[in-house]
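Asks: The structure under discussion is supplied below as structure tokens; questions concerning it will follow.
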Amino acid sequence: MRQWSYIKIMKKYLDSEELNKIIKQLSVKILQNCGDNFCLLGVRKGGVKVVDALAKELQNKTDKLDVGYIDVSLYRDDIHKRLPDVPLEGTDINFSLENKTVILVDEVLFTGRTIRAAIDQVMALGRPRLIRLVTLVNRHGRELPIQADYVGLTIEESHTNKIEVIYNGGEDDGIYFTNNSQIS
Amino acid sequence: MKWTKKHLLGLKDLDRNELNMILDTAEGLKEVSTRSIKKVPALQGRTVALLFFEPSTRTSMSFQLAAQRLSADLIQFNKSGSSLSKGETLIDTASNIEAMGVDMVVVRHSCPGVPQILAKHLNCAIVNAGDGCHEHPTQGLLDIFTIREKLGTLEGVKVAIVGDIRHSRVARSNIFGLLKLGAKVTVVGPPTLIPKSIAKMGVEISYNLDETIKKVDVVNCLRIQMERQGRSNFPSLREYALLFGMNRDRLKKASKNLVVMHPGPINRGVEMTAEVADSKNSVILQQVSNGLACRMAVFYLLNGSRIDV
């Protein structure tokens, strides 16, 4: 039987300089619109690096900045349809969400299903005054009526391609289109 | 890595990656029990049946709570008053329960191998909650999780398992799991309670707790299981306590950070004194809390494994 291998092809869409500019712009929008009683929640896994970058931008511009992380695995609508592929990383929020403006932060907004799960989890954890959504990349393909309030950039890209964000503070930082091509 | 095991029958069947995946998942799930609303919808619409053919308090309650925290529906079977007393076979009873649309069966039985038999005959996922002297995988997992949480690693950690090794399913599951994760295990107890063949599992044997206690990071004191002993394996409980019980003097001889464990229920004054059980070295109550997280992790992972791949 023939064994197929896959090669990951990555095409850079945006470099690190532009990425940093977008993060700065998003942080300004948050400061202008979200008052002073807000907290940031990064949606694991992709939203973690984005929320950390936003927190770095915002840390000297607000009196107190609460940052948490949520793992939506337990709230996903496909939990009975796919094998758990990574261990749960868990939700890590050590402050109250009551009456706060909760800003959900994700890397790529695509179908909207992850954010639906994230909203359900936030509501189970407390009663925030508002929930807002920040996404670095807004891509077409929504399956639920969910839209982001603050968008870094919008990309129209074929469903077969994945969008990957690398944001480690290195030279390779940027937004990439990735595609797994089959080779024999 | 994807979780692909359909059942949890014993830690012998799991490899190092699978063990770590359960422990890591349990770590992620521990937080759920600290919330004001301690419930997540992960197992909504799933049904878990608890089939306990042996008495149990903490394991049964822990499994119940784990299923409920994940929003599963729960049915419980009580041996007394069941159709088993009318002559129905174990497999017929289990098949009838499965026919009601059960997704997972948690089984405890005094006969080793019962979970394996059910796994062969039923389509649902089977979780072994203790089968005779064979294995008690979730107890093994929670013990290992507690050690990892306390010491940060299992690699090179020296663990003494003290007591009735011969009749202990907890010891066997601990040994399988700990060795795969890089810990070193010494079993300690009277020669009558340590089968010689246990050395083949890769553990050291000691008959002298006073010597062993100086060299280990963790001591896990097992309950003396009177119900599984056909004859007396030591002269008296008093003598057992004198030679193999954890007490203040032995605690003093050990490293000051010694982790003292017991799977419960404790016979205070036999396996350990009340002073040791309540000391700052004791993690017995943490073991109980961690048991809940580990059992939630098992349910969560096995739920995923019902998908055809």
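Read the figures in this text as sums done on the coordinates, not as results from a lab. Nothing here was measured: the structure is a model prediction, and the numbers come from that model. Cβ placement follows ideal geometry from the backbone for every residue including glycine, while neighbour counts extend to all protein chains displayed.
Asks: Is the shape of the range B:137-287 best called rounded, prolate or oblate, per the rule: a/c under 1.5 gives rounded, else a/b larger than b/c gives prolate, else oblate, with a ≥ b ≥ c the square roots of the Cα gyration tensor eigenvalues? Provide the component values of the computation, followed by the final result.
Replies: Numbers: a/c = 1.45, a/b = 1.13, b/c = 1.28.
It comes out rounded by the Cα gyration axes.
Asks: Now, a different point. From the P(r) of chain B, can you give the percent of Cα pairs sitting at distances over 30 Å? Intermediate values should be presented prior to the final figure.
Replies: Values: 15167 of 47586 pairs.
Every Cα pair in chain B considered, those over 30 Å come to 32 percent.
Asks: While we're looking at this one, here's another question. State the answer as a single residue: which of B:LEU302, B:ILE194, B:HIS109 lies farthest towards the positive end of the charge dipole of chain B, with beta carbon charges of +1 for Lys and Arg and -1 for Asp and Glu, about the Cα centre.
Replies: Value: B:ILE194.
Asks: Assigning unit charges at the beta carbon (Lys, Arg +1; Asp, Glu -1) and nothing else, what dipole magnitude in debye, to the nearest 20, does chain B show about its Cα centre?
Replies: Values: 41 positive and 29 negative charges, 100 e Å.
Taking the Cα centre of chain B as origin, the dipole is about 480 debye.
Asks: On a C-alpha basis, how far is the centre of the range B:106-170 from the centre of the range B:176-221 in Å? Whole number, if you could?
Replies: Each part's Cα centre sits 16 Å from the other's.
Asks: Could you size up the charge dipole of the protein assembly as shown around its Cα centre, putting +1 on the beta carbon of Lys and Arg and -1 on that of Asp and Glu, and report it in debye to the nearest 20? Walk me through the intermediate numbers first.
Replies: Details: 66 positive and 55 negative charges, 211 e Å.
Dipole of the protein assembly as shown, to the nearest 20 debye: 1020 debye.
Asks: Counting other Cβ atoms within 10 Å, which GluC sites (Glu not before Pro) in the range A:83-184 have at most 13 and lie in a DSSP loop?
Replies: Details: sites: A:GLU89, A:GLU98, A:GLU107, A:GLU143, A:GLU156, A:GLU157, A:GLU164, A:GLU171; in loops: A:GLU89, A:GLU98, A:GLU143, A:GLU156, A:GLU157, A:GLU171.
For GluC sites (Glu not before Pro) across the range A:83-184 that sit outside H, G, I, E and B with at most 13 neighbouring Cβ atoms in 10 Å, the list reads A:GLU98, A:GLU143, A:GLU156, A:GLU171.
Asks: Okay, moving on. For helix A:113-125, report the angle its Cα long axis makes with the longest principal axis of the Cα atoms of chain A; keep it between 0 and 90° and round to the nearest 10°.
Replies: Once rounded, one gets 30 degrees.
Asks: Given charges of +1 on the Cβ of Lys and Arg and -1 on the Cβ of Asp and Glu, with all other atoms neutral, how large is the dipole of the range B:84-160 about its Cα centre, in debye to the nearest 20? Working shown, then result.
Replies: Working: 6 positive and 9 negative charges, 40 e Å.
Its charge dipole is roughly 200 debye.
Asks: Looking at chain A, what % of its DSSP beta bridges pair antiparallel, to the nearest 5? The partial results should precede the final answer.
Replies: Details: 16 of 39 bridges.
Beta bridges within chain A, antiparallel portion: roughly 40 percent.
Asks: What ranking of B:ILE91, B:ILE194 emerges when the number of other C-beta atoms within 10 Å of each C-beta is taken as an exposure proxy, fewest first? The partial results should precede the final answer.
Replies: Values: B:ILE91 14, B:ILE194 23.
The fewest-first ordering by Cβ neighbours comes to B:ILE91, B:ILE194.
Asks: Exactly which GluC sites (Glu not before Pro) in the range B:1-87 are in a DSSP loop and have at most 16 other Cβ atoms within 10 Å? Mind dumping the intermediate values first?
Replies: On the way: sites: B:GLU18, B:GLU27, B:GLU31; in loops: none.
Those that pass, being in a loop and sparsely packed, number zero.
Asks: Then there's this: Of B:PHE234, B:ASN128, B:ALA274, which is farthest along the charge dipole of chain B in the positive direction, counting Lys and Arg as +1 and Asp and Glu as -1 at C-beta?
Replies: Comparing the listed Cα positions along the dipole, B:ALA274 ranks first.
Asks: Please compute, over every Cα-Cα pair in chain A, the percentage with a separation greater than 29 angstrom.
Replies: Details: 3906 of 16836 pairs.
Every Cα pair in chain A considered, those over 29 Å come to 23 percent.
Asks: What are the trypsin sites (Lys or Arg not before Pro) within the range B:136-216 that DSSP puts in a loop, where the Cβ has at most 14 other Cβ atoms within 10 Å?
Replies: Values: sites: B:ARG148, B:LYS150, B:LYS158, B:ARG166, B:ARG169, B:ARG172, B:LYS180, B:LYS184, B:LYS196, B:LYS200, B:LYS214, B:LYS215; in loops: B:ARG166, B:LYS214, B:LYS215.
Sites meeting the loop and neighbour criteria: B:LYS214, B:LYS215.
Asks: Under a Cβ-Cβ cut-off of 14 Å, what is the net charge of the residues other than B:ALA199 that fall near it, where Lys and Arg count +1 and Asp and Glu count -1? Present the calculation step by step, with values, prior to reporting the outcome.
Replies: Numbers: positive: B:ARG166, B:ARG172, B:LYS184, B:LYS196, B:LYS200; negative: B:GLU204.
Neighbourhood net charge equals +4.
Asks: For the protein assembly as shown, what are Rg and Dmax over the alpha carbons, in angstrom?
Replies: 26.2, 80
Asks: Here's a follow-up. Per residue of chain A, what 222 nm ellipticity follows from adding -39500 (n - 2.57) for every DSSP H run with n ≥ 4, rounded to the nearest 500?
Replies: Working: 3 runs with 44 residues, N = 184.
My calculation for chain A gives -8000 deg cm²/dmol from helical runs alone.
Asks: Tell me the mean residue ellipticity at 222 nm calculated for chain B from its helices only (DSSP H runs of n ≥ 4, each -39500 (n - 2.57), averaged over every residue, nearest 500).
Replies: Details: 11 runs with 114 residues, N = 309.
That calculation yields -11000 deg cm²/dmol at 222 nm.
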